[in-house]
Amino acid sequence: MADPMNVYRFAPSPTGYLHLGNARTLLLNALPARAGGKFILRLDDTDAARVREEFVAGIREDLAWLGIAPDEERRQSEREEIYRAAFERLRAAGRIYPAYETPEELERARRLARLSGRPPVYDRRALRLTEAERAALEAEGRRPHWRFRLSEGRIGWPDGFRGPQEIDLASLSDPVIVRDDGAFLYVFSSVVDDADLGVTSVVRGEDHVTNTAVQLDMFAALGATPPAFAHHNLLTRADGEGLSKRQGSLSLRSLREQGVEPLAVAAYAALIGSSEAVRPVADLGELAALVASARPSRAPARIDPDELAALSAKTVHALDFQAVAPRLEQLGVGGGAVFWETVRGNLATLAEAADWWRIAREAAAPSSPALEDVPLLAEAVRSLPAEPWDETTWKSWTAGLSAATGRKGRALFAPLRLALTGLPHGPELARLLPFIGRERALARLTEAQLRAASSSPAEGDG
């Protein structure tokens, strides 16, 4: 069992809808916390220009859909006093400094550095400004942004997934931690939050490896104990491109609307590209056990929508009635456990159970039987057994039809299925027939017989 003091967090920015890659990070933090730890949802919502409340609501909906219930929720927009206090401590310690370059000036300096064969690292020219020069820049109307002065030397850590990591801080620019409009930036506010909230474990994408080196230096400057870091491989689209909140097709919201099972989404996002094979799971507890033993690959994992759809269907097929009963009730599906067990093996999504309930109890699509099936359908009407019906009715009825018409196998069963359900495929009719009932079956067989009898062979093309 995990140490009960282990504290995990998921820190999305509500600037779009969560996608499968975000779900991977979410689950690799939330699932380990189930074993006696604590899980915090932290909304990194300080970017006022891009954050929208509909995205905040969407994040909460996505977590609930996946079955994840945070122990706490925090919003960075409500924590500015904490950031301001940490900022002042670093300023008093001489670890932050004002800089006045415009974005255009910084980009020009980076281009010149590349042309000169030097790394495009900020040269700390702002540290060389005199008080008079600063005053002159501010008199021009420039407002400073603030940079954190990195330590000298190398910094390393034992990464939970990638093994020992080490980065030379001299290869990095001093990060901007406060914009010129006074907004605190992620690289700083995240450190302050993790220290203040007692976060002990951070699992995030490998695109944050460099950030980790910077943030470890900030933890040290603040005299705070850093969490343990682990960086997982990233998910990409089939074409190898990275995922983005601007692409809606792989958003959790879109997958939910498509009817993909949340357990399948969770299993796929957590297990793809790891040492554990992607497979259906019965619940999040089973998935948590798999995640505990899984090791992410070092290579990016490509998402296959067809593989996810197949996993979703397999997940539906394995769901027991108690797990889906409330959802079936919302869909207006009756029949209890017997009907669920009758149809679940033929469903791609759970919502399709409502289609089969309508076919069984309300109306099937009109069938288009062949003229040659008229004798079979007539005999089917004549010999249709009296009720009550059970799962043995189909076998005894079709055995009599076979003896009377000489038809067997597909030649016998396909026209009957088409007449009774309007479809050429579907659940086992021995189990579905009692739900259709004699009155509906008789009406459908009679209609199919009449339609077949009124049909005529198609005219030739010449």
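Partners of Lys395 within straight-line reach, counting lysines whose Cα lies under 30 Å from its Cα and excluding those fewer than 8 residues away in the same chain: Lys314, Lys408. Largest first, the three principal axis extents of the alpha carbons in segment 107-239 are 49, 38, 33 Å in whole numbers.
Using alpha carbons only, how many angstrom separate the centre of segment 127-180 from the centre of segment 1-78? One Cα centre to the other: 28 Å.
Axis angle, to the nearest 10 degrees, between helix 262-271 and the longest C-alpha principal axis of the chain: 50 degrees. Here's the list of aspartates and glutamates a cross-link from Lys38 could span, going by alpha-carbon distance under 14 Å and ignoring same-chain residues fewer than 8 apart: Asp3, Asp71, Glu72, Glu73, Asp194. For the chain, relative contact order (Cα pairs under 8 Å, six or more residues apart, normalised by length) works out to 13 percent. The distance from the alpha carbon centre of segment 235-286 to that of segment 402-457 is 40 Å, rounded to a whole number. Sequence-distant contacts, meaning Cα pairs under 8 Å at least 6 residues apart, place the relative contact order of segment 1-108 at 28 percent.
Sort 91-104, 185-198 by the packing proxy (mean of other Cβ within 10 Å over each peptide's residues), most packed first.
Details: 91-104: 14.6, 185-198: 20.8.
Listed from highest to lowest mean packing, they are 185-198, 91-104.
Among Leu328, Leu384, a tally of other beta-carbon atoms within 10 Å of each Cβ gives an order, fewest to most, of Leu384, Leu328.
Highest mean first, what order results for 62-71, 432-441 on Cβ atoms within 10 Å? Provide the component values of the computation, followed by the final result.
Values: 62-71: 17.1, 432-441: 19.0.
So the peptides 62-71, 432-441, ranked by packing, come out 432-441, 62-71.
The angle separating the long axis of helix 429-454 from the principal Cα axis of greatest extent in the chain is about 60 degrees. Can you tell me how segment 321-360 classifies by the Cα gyration tensor, rounded, prolate or oblate, using a/c under 1.5 as the rounded cut? Rounded, since a/c falls under 1.5. Each peptide in 38-50, 313-325 was scored by the mean count of other Cβ atoms within 10 Å over its residues; highest first, the order is 38-50, 313-325.
With a/c under 1.5 counting as rounded, go ahead and sort segment 363-454 into rounded, prolate or oblate using the C-alpha gyration tensor (a ≥ b ≥ c being the square roots of the eigenvalues; past the cut-off, prolate if a/b is larger than b/c, else oblate). Rounded is the answer for segment 363-454, as its axis ratio a/c remains below 1.5. Checking the a/c ratio against 1.5 first, then a/b against b/c, what shape does the Cα gyration tensor give for segment 152-213? Judged from the Cα gyration tensor, segment 152-213 comes out oblate (a/c at least 1.5, b/c at or above a/b).
For segment 193-243, what D do you get in µm² per second when you plug the Kirkwood radius from alpha-carbon pairs into Stokes-Einstein at 37 °C and 0.692 mPa s? Using the Kirkwood radius from Cα pairs, D works out to 267 µm²/s. Helix 352-361 and the long axis of the chain differ in direction by around 20°, with both axes built from C-alpha atoms.
The numbers here are math on the coordinates, done by the rules we state, and not lab data. For clarity, every value in this text was computed on a predicted model and none was experimentally measured. Reconstructed Cβ throughout: ideal geometry from the backbone, glycine too, with neighbour counts over all protein chains shown.
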